[in-house]
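Participant: Can you keep this structure in mind? I'll have questions shortly.
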Amino acid sequence: MMRPFKIGALLGIPILVSPSWLFLFGGLSWVLATQLYPAALRHSSTTTHFLMAGSSVLLFFASIILHELAHSAVAKAYRIPVKSITLFLFGGVAQITREASKPMGEFLMAIAGPATSLVLGVLFAVTWFALGATNGGPLDVVLFWLAWMNGILALFNLLPAFPMDGGRVFRSLIWMFTGNYYRATNVASWAGRGIAWSMMATGALAAGGFNLYIAEGTFGGLWLILVGLFLENAARQGLLQNRLVHALRQYSAGDLMIADPPVVEPAMSVASLARGVLELNPRVCYFVEDHGKLAGIVSAYQMRAVPEGLWERTTAGEAMIPSSRLRATPADRPVHEVLIEMESENLLHMPVVTDGRVVGVIGRDRIITLLRQAGLLPAPR
Ligand SMILES: [Zn+2]
């Protein structure tokens with residue numbers, strides 16, 4: 001997919017246009033200029049219809065930018081940076097870099113967009129009314145369409161389908177009343193998926209010729225299916241991310257860090273650092289293979305056993321523990337048996353061997369980490 005290009009900036013936020021948006025712009029202008037406006041103004045010229053369509057669509061996208069700008073302004077008030085506002089195939093989106101930390105912030109941030117659309121809709125309707133409302137000129141028709149579209153945009157966005165605006169409002173309310181962010185996100189995401197499936201079903205029925213008032217005909221039906229697919233995907237991602245964040249919530253950086261990493265003085269020579277690798281990393285371990293068969297291992301213990309003066313002249317084959325004295329495991333052996341053997345033999349790692357070849361290595365600390373992750377061992381403090 002091609003990258004969005006910048007058309008300007010508002011409130012210090014870059015406004016981007018994705019190439020996919022050009023399809024929406026073109027399609028919408030075409031439908032207005034060749035179908036809706038000729039039907040509403042039968043006696044006007046084709047040029048008038050196209051001028052009306054062009055200005056309608058431009059003003060509509062200006063309305064969408066104002067909608068996204070409203071989300072962004074609230075985000076900025078909560079000191080949440082906004083990276084950009086992008087127009088794309090399904091309308092607009094503000095790239096708000098993180099979520100609100102309190103339900104009220106999320107509620108205000110989410111409701112600001114639809115509220116702006118509603119206000120714009122009312123403003124267009126009031127202008128339409130003030131200019132005579134029923135004289136049926138081009139300006140009238142355009143204003144009416146803009147009022148109508150902004151109203152639809154407000155209502156559509158208020159559907160309680162996470163991650164749409166209404167879904168975020170819905171989540172913030174559950175979050176506010178239960179205090180449980182995880183459960184609120186789950187409920188709102190499932191509502192989002194349910195609504196997405198209903199959209200796709202409605203779209204399929206409309207494309208099949210049923211008049212359901214929400215969508216009509218093949219084009220309207222297919223469009224609804226596409227929006228449903230997009231929403232389904234976004235809601236599912238929301239659920240996955242929520243599960244991931246929830247699973248990681250019980251850990252802190254301190255739990256997952258490698259404790260006490262090596263620290264050296266600036267005056268130390270690189271040679272002494274290289275030598276020190278053996279002291280600092282007792283887990284360093286090479287597998288020696290001879291003609292494709294495991295011949296032995298050389299770990300830090302074996303390397304340290306060789307005096308430094310003999311390093312150049314000693315081969316891996318001479319320093320290694322030969323395979324005849326090694327404990328290896330086949331790949332399909334149950335891991336608890338491996339762990340018990342490693343504990344009883346005091347081994348830090350064990351080669352995994354298939355047909356005499358080393359295919360991997362299993363570390364005792366890796367098994368311990370796995371058990372901790374599964375909650376079967378207490379996390380180190
Ligand atoms: Zn919005």
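Participant: List the helices (runs of 4 or more DSSP H) inside the range 242-333, counting only whole elements, that have at least 3 residues being over 22 Å from Leu347 (Cα atoms). First the steps, then the outcome.
Facilitator: Working: elements: 253-256, 270-280, 300-305, 316-319.
Correct list: 253-256, 270-280.
Participant: For the range 276-314, give me the residue count where each residue is among the basic types (Lys, Arg), over 44 Å from the mean Cα position of the chain (by Cα) and either modelled with pLDDT under 80 or surrounded by 12 or more Cβ atoms within 10 Å (Cβ to Cβ) (or both).
Facilitator: The total comes to 2.
Participant: Moving to a separate point now. Among Gly166, Gly132, Gly179, Gly137, which is the only one that is closer than 23 Å to Gly91 by Cβ and of a type in the set (Gly, Ala, Ser)?
Facilitator: From the options Gly166, Gly132, Gly179, Gly137, the qualifying one is Gly166.
Participant: If we scan the range 143-157, do we find a residue that is within 23 Å of the chain's Cα centre (by Cα), part of a loop (DSSP other than H, G, I, E, B) and of a type in the set (A, V, I, L, M, F, W, C)?
Facilitator: No, that holds for no residue.
Residues checked against (1) of a type in the set (Phe, Trp, Tyr); (2) surrounded by fewer than 16 Cβ atoms within 10 Å (Cβ to Cβ); (3) free of Cβ contacts under 8 Å to residues at least 60 places away in the same chain:
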residue: Phe144; (1), (2), (3): yes, no, yes
residue: Phe170; (1), (2), (3): yes, no, yes
residue: Tyr182; (1), (2), (3): yes, yes, no
residue: Val187; (1), (2), (3): no, no, yes
residue: Arg193; (1), (2), (3): no, no, yes
residue: Ala201; (1), (2), (3): no, yes, yes
residue: Gly208; (1), (2), (3): no, yes, yes
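Participant: Let me ask something additional. Check whether at least one residue in the range 71-93 is of a type in the set (D, E, K, R), under 24 Å from Asn233 (Cβ atoms) and surrounded by fewer than 16 Cβ atoms within 10 Å (Cβ to Cβ), and report yes or no. So that I can check it myself, show each step before the final result.
Facilitator: If we filter the range 71-93 for residues that are of a type in the set (D, E, K, R), which is where we start, we get 76, 79, 83.
Of the ones still in play, those that are also under 24 Å from Asn233 (Cβ atoms) are 83.
Still in the list and also surrounded by fewer than 16 Cβ atoms within 10 Å (Cβ to Cβ): 83.
Yes.
Participant: Let me ask you something else. Answer yes if at least one residue in the range 117-138 is within 12 Å of the ligand (Cβ to nearest atom) and at pLDDT 85 or above, and no otherwise.
Facilitator: Within the range 117-138, one or more residues are within 12 Å of the ligand (Cβ to nearest atom) and at pLDDT 85 or above.
Participant: Sticking with this one: Looking only at the range 78-111, count how many residues are assigned to a strand (DSSP E or B) and away from the ligand (no atom under 12 Å from the Cβ).
Facilitator: Going through the range 78-111, the residues assigned to a strand (DSSP E or B) turn out to be 82-88, 91-96.
In the following step, the residues that additionally are away from the ligand (no atom under 12 Å from the Cβ) were identified as 82-84, 86-88, 95.
Residues in the range 78-111 being assigned to a strand (DSSP E or B) and away from the ligand (no atom under 12 Å from the Cβ): 7 in total.
Participant: Pick out the one residue from Ile64, Ile15 that is in contact with a helix residue (DSSP H, G or I) (Cβ under 8 Å, 6 or more places away or on another chain), part of a strand (DSSP E or B) and closer than 25 Å to Met164 by Cβ.
Facilitator: Exactly one residue qualifies, and that residue is Ile15.
Participant: Quick one: which of Ser55, Ser72 is at pLDDT 85 or above, within 16 Å of the ligand (Cβ to nearest atom) and among the polar types (S, T, N, Q)?
Facilitator: So the residue among Ser55, Ser72 that is at pLDDT 85 or above, within 16 Å of the ligand (Cβ to nearest atom) and among the polar types (S, T, N, Q) is Ser72.
The values are calculated or read from the model by the stated rules, or taken from the named source; none is laboratory data. On a predicted model such as this, the values are computed, not experimentally measured, just so you know. We place every Cβ from the backbone using ideal geometry, glycine too, and count neighbours over all the protein chains shown.
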